[in-house]
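Undergrad: Handing you a structure now.
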Amino acid sequence: MPADIPVGERLHPLDLELARALSRLGGETRSAVLQAIGFVSERTREGHVCVGLDALAERASASSSGATDSETLRALLASSTLVGSDAPDAPPAPLVLSQDRLYLTRFFQHECRVQERLSQLADPATSAPAAREAAACLRRWFGSEQPPSQSAVAAATLAERRLVILTGGPGTGKTTTIARVLAFFADLCQRGQRPAPRTLLLAPTGKAAARMGEAVAALSEELRQIDPVLGTLPTEALTIHRALGPTASPARFVHGVDRPLLADLVVVDEASMVDIALMRRLLDALSPDARLLLVGDEHQLSSVEAGAVLADACAGASYQGWSAEHRARVEQRFECVLPGTAQPARSQLSDCVVHLVRSFRFNPDRGVGRLARATLEGDADSALAVLSDPDHPEASLQSGGVQTASFENMIVSGFETFCRADPPEARLSALSRFRVLCAHRRGPLGVDAVNRHIETVLQKRGLLPSAAGRTQQYYVGRPLLITKNDAATRLFNGDIGVVVQGVAGVSVAFASETGLRMIPPARLPAHESVFAMSIHKSQGSEVDSALVVLPDADSPLCTRELLYTAVTRVRDQVVLFGSATAVRTGIERRVARASGLVARLAL
């Protein structure tokens, strides 16, 4: 192309090639427009849905492309054949300029469709249970306290609307609420002499789905004492991809608008990890009368792919109290008094978001709880005070890195029980109580390097075979993390096992509902050692104690969401290894994924 993108842009080859390809197809030669295309492509790969004009103009100004302000850039983009508008009758184009945001067209379409479907689901349901039945069921499964618990409000809202977004930090009772909501709807159908609701339990990953199914099954056993109707409750959870039915094309599924899922109630756990493209596919696949319960923690790390739908939905709906209309409907039908006072609805979703606030995982007044709260509130001074307070040893900060004697001693202390445990069940139990978490995959502070270092430390202390990891790949005691789903072995991304010695040689032991499963190493899907794991992969899990290897302060991964996710994996004790500067920088730096969904939902 005649006017090439300046080298100073330092675009990734993929983004640069997209701009060049579109230039050839559309005859666009203006450098500022081509830079904007490359930048939007780059930011989308980083998780953003769009890029604001101000950010584009700042980037253009830094590269001296000639478009130094947003209005000049807007005019250039609007005049390009490669950029369409958001008007319904606008001709198709590779990019869309909507208000002050530039999108790749497919992400603009994802965002608009997600907003449309969420808003439709947020409208009052056309069918709702009879008042007497509804009130009795709510008291039966959620108690008769007044005002009702937030869990009870979630169930009542899902009966009145077709959407509830249930959010809360770790240990706030989200899974317990799911189980009781399932029982509540099964009971409603039984009382109304209707078939039990067809229910789908879904999660974004295989591991999260397995964990969800196990947790709901365990809770259902407890709740079955109240009523045998619970025998009809589902306990098997699927990944969203599996439920939608993957095809040869990664962008297409069996189920969609023309072939909806056969489900009356769909529950999605760990919804913060669902990207905007997958959320759009799921919303499109819901049947016209289906209800949707999205469950997650909007403050945790978002999806790997573009979008932060759960966080955007909560931001677009967040306010204190319930609208007068919703309050009147719920209070009349369920014979209860909602907490707070009536407030004007901020958006269509305002009455559909329910927050659980009390954590049962850790004491909010002790070290881990105080550190989590300070991190969430963005209070770096309080967080550092907690980390240096001898009265709260449950949370502490160690200077230096993984090569220090302090780190090595804690590694030995944390893994000694695991290394010496026997039989395999004891090893797996010990492994689930202690974890080393890293921000990066690569580099000196990344998962790969830290895994090798831990292995070396444990070898030197006589806790692992001397040949482990070098000439002996599957040595007894090696902990393994599955990194790819495999239907044949029923192993999922995130499953953890340990190499053990059997009669016929070494096998890898995995825990299951029916006991240990022994899988030969040759049959394993992709896997890696798991003395250390990434903070992102740790989402949804909990351990007694953890060491967190902090990234450098200048790392883009050093964010509040990363620290919050790491700290809240822990029940009893967390030790951060890194600098006070990294802690302060991380708490003060938020992940801000560019998106127009919050603004669209607020309309």
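Undergrad: With a ≥ b ≥ c taken as the square roots of the eigenvalues of the C-alpha gyration tensor of the chain, please select rounded if a/c is under 1.5 and otherwise prolate if a/b is larger than b/c or oblate if it is not?
TA: Taking the square roots of the gyration eigenvalues as a ≥ b ≥ c, the chain is oblate.
Undergrad: In terms of the Cα gyration tensor, with a ≥ b ≥ c the square roots of its eigenvalues, is segment 6-127 rounded because a/c is under 1.5, prolate because a/b exceeds b/c, or oblate?
TA: prolate
Undergrad: Between Q501 and K484, what is the label-to-label distance in nm when each label sits 7 Å out along the Cα-to-Cβ direction?
TA: Inter-label distance under the simple model: 3.1 nm.
Undergrad: Shifting gears a bit: Under a 1.4 Å probe, what is the accessible area of segment 482-592 per residue, stated in Å²?
TA: Here the per-residue accessible area is 40 Å².
Undergrad: Then there's this: How far, in nm, would the chain grow between D544 and R20 when pulled straight, counting 0.36 nm per residue and subtracting the alpha carbon separation?
TA: Fully extending the segment from D544 to R20 adds 183.4 nm.
Undergrad: For V254 and T105, what does the FRET efficiency come to when R0 = 25 Å and r is the distance between their Cβ atoms, rounded to the nearest 0.05?
TA: Efficiency for this residue pair is about 0.55.
Undergrad: Turning to a different aspect of this structure: Run the numbers for A328 and S413: contour at 0.36 nm per residue of separation, minus the present Cα-Cα distance, in nm.
TA: 24.9 nm
Undergrad: Can I ask one more? Could the peptides 290-302, 42-54, 78-90 be put in order, highest first, of the mean number of other beta-carbon atoms found within 10 Å of their residues?
TA: 290-302, 42-54, 78-90
Undergrad: Going 7 Å from the Cα of S406 toward and past its Cβ, which residues in segment 519-553 have a backbone nitrogen under 20 Å from where you end up?
TA: Only 545-553 fall inside the zone, counting backbone N under 20 Å.
Undergrad: So, one more: Normalised by the number of residues in segment 135-219, what is the relative contact order in percent for Cα pairs under 8 Å and 6+ residues apart?
TA: About 25 percent, as a whole number.
Undergrad: Could I ask something else about it? Please give the charge dipole size of the chain, origin at the Cα centre, charges +1 on K and R Cβ atoms and -1 on D and E Cβ atoms. Round to the nearest 20 debye.
TA: 1140
Undergrad: On the protein heavy atoms, probe 1.4 angstrom, tell me the percent of accessible surface of the chain carried by carbon and sulfur.
TA: It is 51 percent, rounded to a whole number.
Undergrad: For the chain, what does the relative contact order come out to in percent, with C-alpha contacts under 8 Å and a separation of six or more?
TA: The normalised contact order for the chain reaches 14 percent.
Undergrad: Calculate, for D227 and R452, the FRET efficiency according to 1/(1 + (r/R0)^6) with r their C-beta to C-beta distance and R0 45 Å; round to the nearest 0.05.
TA: That gives a FRET efficiency of 0.25.
Undergrad: Something else: Got a number for the accessible area of L97? Probe 1.4 Å, square angstrom, nearest 10.
TA: 20
Undergrad: Please list the helices of the chain that count as membrane-span-like by this rule: a mean Kyte-Doolittle hydropathy of at least -0.5 together with Cα atoms stretching 18 Å or more along the helix axis, each helix being a complete DSSP H run.
TA: 13-26, 31-45, 174-191, 206-223, 405-420, 447-460
Undergrad: Right, next: Give me the distance between the Cα centres of segment 240-310 and segment 507-556, rounded to whole Å.
TA: With segment 240-310 and segment 507-556 each reduced to a Cα centre, they are spaced 25 Å.
Undergrad: Taking 0.36 nm per residue of sequence separation and subtracting the Cα-Cα distance, how much length would be gained by fully extending the chain between D422 and E46, in nm to one decimal?
TA: Full extension of this stretch gives 131.0 nm more.
Undergrad: Counting only the heavy atoms of the protein chains, how much of H12 is accessible to a 1.4 Å probe, in Å² to the nearest 10?
TA: 80
Undergrad: Given a 1.4 angstrom probe, what's the average accessible area per residue across segment 124-234, in square angstrom?
TA: Value for segment 124-234: 37 Å² per residue.
Undergrad: Still on this structure, please answer the following. Based on alpha-carbon positions alone, could you give the equivalent ellipsoid semi-axes of segment 68-166 from the gyration tensor, as √(5λ), descending, whole Å?
TA: The three semi-axes for segment 68-166 are 47, 14, 9 Å.
Undergrad: At a threshold of 8 angstrom on Cα-Cα distance, excluding pairs fewer than six apart, so keeping six or more, what relative contact order does segment 444-538 reach in percent?
TA: 26
Undergrad: S302: net charge of surrounding residues, Cβ under 10 Å, Lys/Arg +1, Asp/Glu -1, itself excluded?
TA: Neighbourhood net charge equals -4.
Undergrad: Among rounded, prolate and oblate, which fits segment 489-603 when a ≥ b ≥ c are the square roots of the eigenvalues of its C-alpha gyration tensor, a/c under 1.5 means rounded, and a/b larger than b/c means prolate?
TA: Prolate, since a/c reaches 1.5 and a/b exceeds b/c.
Undergrad: Before rounding to the nearest 500, sum -39500 (n - 2.57) across all DSSP H runs of length at least 4 in the chain and divide by the residue total; then give [θ] at 222 nm in deg cm²/dmol.
TA: For the chain, the value works out to -12000 deg cm²/dmol.
The values are calculated or read from the model by the stated rules, or taken from the named source; none is laboratory data. All values derive from a computational prediction rather than experimental measurement. Note: ideal-geometry Cβ built from the backbone for every residue, glycine included; neighbour counts use all protein chains shown. Areas reflect the complete protein model, heavy atoms only, side chains present, ligands, DNA and RNA absent. Shrake-Rupley method; radii C 1.70, N 1.55, O 1.52, S 1.80 Å.
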